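Data block below; observations after.
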Number of protein chains: 2
Amino acid sequence: MTEAFVRPPTAQEAVLTEIRRLLVTGELAPGTPVRQEAVAERLGVSRVPVREALKVLEGEGHVVYAAHRGYVVAELSVDDLTEVYRLRELLEAEAIRVAVPRLDAATIESIGAASRAVEAAGRRGDLAEMTAYNRDFHFLLFDAAGMPRLSRTLRQLWDATDVYRAVYFAGSGNRTRVQHDHAEMVDALRARDVRAAIAVQKRHRDASVEAVTAAITADD
Amino acid sequence: MTEAFVRPPTAQEAVLTEIRRLLVTGELAPGTPVRQEAVAERLGVSRVPVREALKVLEGEGHVVYAAHRGYVVAELSVDDLTEVYRLRELLEAEAIRVAVPRLDAATIESIGAASRAVEAAGRRGDLAEMTAYNRDFHFLLFDAAGMPRLSRTLRQLWDATDVYRAVYFAGSGNRTRVQHDHAEMVDALRARDVRAAIAVQKRHRDASVEAVTAAITADD
DNA sequence: GGTTAGCAGATTGGATCCAATATTCAAATG
DNA sequence: CATTTGAATATTGGATCCAATCTGCTAACC
């Protein structure tokens, strides 16, 4: 079977992925207004699909909306960040508690593969791929809990800080730390050790919140 | 100062509140497709604001969307329900832990007032107002935690089961139980007793999940 | 007879045009 | 000189029209 060619079935979807890309790469920086006309022209579509895509992003909290004034890229305060990570702590612990006893060998293998993919991308210095595979690594585990709404909520929380995630991977010191944490996590999963897995995830997250906080407070 | 006259600044907003009303009253029942043209005609607007409102509702999980096939009112399985209540348990406990020590007398008074409003609406037999004031009662407390993202996530979870909430209030036995629980909660808040408040909330929620589960499984 | 091709009808997706609102800036007024 | 009023411009919100896609049915074919 050849690689399926996926044309987005709708323009809104194409617009959505493109705006997301602009957000994570920082081309649309927090605080800047989003001109519908500009986005539409750039992507060669009309303003209608742009507006629908922006409504989705509004729901996810990536942009804030005011009637007749339009959309602005959301800014994340340190308080917001602290809150996001606290909620992640509560919900990721739950996901791990439920998922670990249910894990099969194949899933653990997939998680290990994602870890190696993060490493490979890191050696190539490809930050975008690193963050993508890192996300795979964690959500393969979370999704294994079989709680779709929990997964969805966690994705929203991860999305909220995605803008700043690349910052974390930029430091090579952080990169080796990530590798180490991921390896520990896979060991804990193989041993079906819930407590250890939660502890690793917490350390992992704490290191990240520290780096991102530094990044946010830096450019004020 | 006279009562401010609030005209919805945009049609999408008006459409949004109207569709929400149709959802909670059950006029748009779970599983039924949402015809854009029908909604638009009913509200005297074009399909454009309807589509944008539906995108918001999609983000909130009230409708599910498939490209070129349109929107369908979301159905809630028992598994979904169990998950929603489990997540509420985790997050409401956090909200109460943070909020209770921060509560001032005025907020506690407002919560008490909301409780009396629920009771009054109950005596009138007005289910819609009961659910509204009940929501006020709980979110006055949750919001007091000063964690906007937590409040938002909790609102999403409450929204997801809103369709079935009226069922719970319909039974007069449940109504007196709610009054009793609310009174106990106010006592716990006055005493600044976090453990008691969390325990009351849990009992309150468990009773609700039982009633709603019964309602869901009934009509299958 | 069961399966598939193809043709209406219905419904959604997108583009264009017009209306409503907000913003900016200059001029008039105290 | 500060304030405010008003017009011009930019931007968003909504309506209408056309295109693309899906659905259900009929008929041809194996």
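The values are calculated or read from the model by the stated rules, or taken from the named source; none is laboratory data. Not measured: the values here are computed from a predicted model. Every residue, glycine as well, gets a Cβ built from its backbone with ideal geometry; the counts of neighbours run over all protein chains shown.
Quick rundown of the values:
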item: Any hit, segment B:145-166, residues being touching a Pro at 6+ places or on another chain (Cβ under 7 Å) and on the phi < 0 side of the Ramachandran plot; result: yes
item: Tally, over segment A:70-95, of residues that are within 14 Å of chain B (Cβ to nearest Cβ), at pLDDT 95 or above and not in a helix (DSSP H, G or I); result: 2
item: Subset of segment B:42-69 [outside any helix (DSSP H, G or I), in contact with a strand residue (DSSP E or B) (Cβ under 6 Å, 6 or more places away or on another chain) and either more than 15 Å from DNA strand C (Cβ to nearest atom) or among the aliphatic types (A, V, I, L, M) (or both)]; result: B:63, B:64
item: Only one of B:16, B:23, B:28, B:91 that is surrounded by 17 or more Cβ atoms within 10 Å (Cβ to Cβ) and assigned by TED's automatic domain parsing to the domain that holds residue B:210; result: B:91
item: Enumeration of residues in segment B:120-173 that are in contact with a His (Cβ under 8 Å, 6 or more places away or on another chain) and more than 16 Å from residue B:23 (Cβ to Cβ); result: B:137
item: Residue satisfying condition, being part of a helix (DSSP H, G or I), of a type in the set (S, T, N, Q) and under 30 Å from residue A:61 (Cβ atoms), within set B:179, B:156; result: B:156
item: Residue match in segment B:32-41 (condition: within 13 Å of DNA strand C (Cβ to nearest atom), buried (at least 18 other Cβ atoms within 10 Å of the Cβ) and touching a residue at least 40 places away in the same chain (Cβ under 8 Å)); result: no
item: When residues of segment B:43-81 are limited to those that are in contact with an Asp or Glu (Cβ under 8 Å, 6 or more places away or on another chain) and charged (D, E, K, R), the one farthest from DNA strand D (Cβ to nearest atom); result: B:60
item: Matching entry among A:136, A:126 (being surrounded by fewer than 19 Cβ atoms within 10 Å (Cβ to Cβ) and at pLDDT below 90); result: A:126
item: Index of the failed condition, residue B:98 passing every other in (1) surrounded by fewer than 20 Cβ atoms within 10 Å (Cβ to Cβ); (2) at pLDDT 95 or above; (3) under 20 Å from residue B:180 (Cα atoms); result: (3)
item: Unmet requirement for residue B:154, which otherwise passes all of (1) loosely packed, with under 14 Cβ neighbours inside 10 Å; (2) within 28 Å of residue A:88 (Cβ to Cβ); (3) of a type outside the set (S, T, N, Q); result: (1)
item: Matching residues in segment B:58-69 - criterion: being at the interface with chain A (Cβ under 9 Å from one of its Cβ atoms) and in contact with a helix residue (DSSP H, G or I) (Cβ under 8 Å, 6 or more places away or on another chain); result: B:58, B:59, B:60, B:61, B:67
